[in-house]
């Protein structure tokens with residue numbers, strides 16, 4: 001007789017095992033999360049609008065950094081050319097035939113052309129420095145607002161779809 005009593009208990013245990021997967025499927029799935037950096041566990045998630053702003057700022061930083069790097073390289077090349085031209089003028093001055101008015105005029109014209117290049121280079125430096133400062137401010141803003149912040153990946157997908 002004792003085996004008769006065990007049968008219903010075994011059937012009950014088997015029934016619970018069948019119900020357990022169904023109750024797990026009904027529970028809401030945890031949100032998949034992404035983060036900018038390591039992300040602070042337990043902190044609040046970025047809202048969709050905050051995430052959209054972070055992505056826009058991140059893109060602006062990427063394109064701004066690329067443009068700044070290209071412009072910096074161009075400025076450095078121009079500066080190197082002006083320095084090379086100045087060195088060549090110094091060498092010409094050392095061997096300049098001061099008794100020839102034509103040679104002195106040619107040297108003076110070349111020196112004025114170099115001075116104009118320096119002025120043009122300096123005129124390009126001020127706007128470049130302003131752009132670099134704005135880019136640094138954007139980086140600081142991104143660092144405060146977005147870096148190491150978590151977000152819901154569903155929000156990321158919706159933003160990429162234009163919603």
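The values are calculated or read from the model by the stated rules, or taken from the named source; none is laboratory data. Just so you know, these numbers come straight off a predicted model, no measurement behind them. Virtual Cβ from ideal backbone geometry, glycine too; neighbours counted across all protein chains shown.
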The condition from (1) over 19 Å from the mean Cα position of the chain (by Cα); (2) at pLDDT below 65; (3) within 30 Å of residue 158 (Cβ to Cβ); (4) loosely packed, with under 11 Cβ neighbours inside 10 Å that residue 20 misses is numbered (3)
In segment 135-155, which residues are in a helix (DSSP H, G or I) and in contact (Cβ under 8 Å) with a residue 12 or more places away in the chain? 135, 138, 139, 141, 142, 145, 153, 154, 155
Any residue in segment 102-113 that is over 16 Å from residue 58 (Cα atoms), at pLDDT below 95 and under 27 Å from the mean Cα position of the chain (by Cα)? no
Kindly indicate which of 50, 78 is at pLDDT 90 or above, surrounded by 14 or more Cβ atoms within 10 Å (Cβ to Cβ), in contact with a strand residue (DSSP E or B) (Cβ under 9 Å, 6 or more places away or on another chain) and in a helix (DSSP H, G or I). 50
Conditions (1) in contact with a helix residue (DSSP H, G or I) (Cβ under 9 Å, 6 or more places away or on another chain); (2) in a helix (DSSP H, G or I) -> residue 96 fails only (2)
